[in-house]
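I have placed the structure first, in the form of structure tokens, so that the comments after it can refer back to it.
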Amino acid sequence: MSVTFNPIGEVKFEDGNCFIVLKKEAIPATLGLDEYSHIQIVWWFHLYDNEDTRKYYVLDKPYTKGPEKIGVFATRSPVRPNPIGITSCVLVKLDRAQNRLQVAGLDAENGTPILDIKPYEPSIDRVRDVKMPLWCAHWPAYVEDNATFDWRSEFNFPE
């Protein structure tokens, strides 16, 4: 089976702000979106999409405090069989005239293809009794706290 994605836009950084610039034909799909404070962005890890990175199923210690080996499905790693990212973000502003959404908290790169946008719905997305491994239990409990958290110290990024 083959799957085809048609990106609806891309990430653009401008003057320290993050925007999702939508294709003009996708703007009508934003009707009602500005009534939400938070949205979920589904995006493509385009910088990690190659034949080699799609072969990884087990990673060697991607987290500084994590286990020596971990399955890729137990990570948020961009190196995976299908490099799809999902991030909950603050919807700062919807500007239909400029075909863009300003968001806060998106951990994607400039030029990242956007595949879909969904409203954050607490009745569907929020979970009460979350279980996490002890090695990451000190991570922020809320998206809003991510900006002040030292994420770089949590990962073993290649030099």
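Run the numbers for Glu144 and Asp95: contour at 0.36 nm per residue of separation, minus the present Cα-Cα distance, in nm.
The Glu144-Asp95 span can extend by a further 15.4 nm.
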Built amide H within the under 5 Å cut-off of Tyr63, gap 5+: Asn156
Approximate spin-label separation Met132-Lys23, in nm, with each point projected 7 Å along Cα-to-Cβ: 3.6
Amide H partners (placed H, <5 Å) of Arg100, local residues excluded: Leu22, Asp95
Lys, Arg +1 and Asp, Glu -1 on Cβ, resulting dipole of the chain about Cα centre, debye, nearest 20: 340
Contour minus Cα-Cα distance for Gln40 and Tyr57 (0.36 nm per residue): 3.6 nm
Rounded to whole Hz, the Karplus (6.51, -1.76, 1.60) HN-Hα couplings of the range 125-135, x for glycine and proline: 9, 7, 10, 7, 9, 7, 10, 9, x, 4, 5
Relative packing of peptides 1-8, 139-146 - highest average C-beta neighbours within 10 Å first: 139-146, 1-8
Check: the range 95-135 dipole with +1 on Lys, Arg Cβ and -1 on Asp, Glu Cβ, in debye: 120
Farthest positive-ward along the chain dipole, Cα basis, beta-carbon charges - from Leu101, Tyr57, Met1: Met1
The range 40-152, relative contact order [Cα under 8 Å, separation at least 6], %: 31
Pairs of lysine residues in the range 1-148 - Cα separation under 30 Å, sequence separation of 8 or more or cross-chain: 19
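Where a number appears in this text, it was derived from the coordinates with a stated rule and is not lab data. Only a predicted model underlies this, so the values are computations on that prediction, with no experimental measurement involved. Reconstructed Cβ throughout: ideal geometry from the backbone, glycine too, with neighbour counts over all protein chains shown.
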